[in-house]
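Working notes, beginning with the structure itself.
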Amino acid sequence: MKKFGFVMVALLFTVGSLFVYTPKASADYDQYFDTDDDVFDNTVTVYSGQDVKVKINSCNRVNWNNNSATPMPVSDCGSALYAKLCNGTTSNCITKHIGSDGIVWFTNMRGPYYLVYIYDSWPSYHFEGSSDTTEHW
């Protein structure tokens, strides 16, 4: 009888764990970006219908003439930056302006993955720093 009870508990635990879902971010870590390099800054894997959040964690403004970097608060540099997500399968891209909080949301995305580019529109400077890109339901 003890063995039957143990088997039942193990079976219930196994079946119960099949119904537990904890979404994980596919790129939930700091990633270096530089708006000067024309290379994608991150990637994110999504299921159809998920939202994607791009967040600037830190940034420096870099002078084109002398290459000197000046640290800036995210509230100042965030509004100077744009995020572009390009679908890795179709190559279709969506561009949005990053807010002064350093965050931009892309909603109801289609899978399977996107290349993330961060760029700016300032003529005398480019920006470098760290960002992270996460997907959300």
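Read-outs: derived from the displayed coordinates by stated rules, not from any lab. The shown structure was predicted, so the numbers you read here are calculated from the model rather than taken from an experiment. Counting neighbours? That spans all protein chains shown, and the Cβs are built from the backbone with ideal geometry, glycine included.
For the reader, a short list of remarks on this structure follows.
- Length gained when the stretch residue 92-residue 75 is fully extended (0.36 nm per residue, less Cα-Cα span): 3.2 nm
- Descending principal axes extents, the range 31-136, alpha-carbon based, whole Å: 44, 24, 19
- Taking 128, 135 and counting other C-beta atoms within 10 Å, the order from fewest to most: 128, 135
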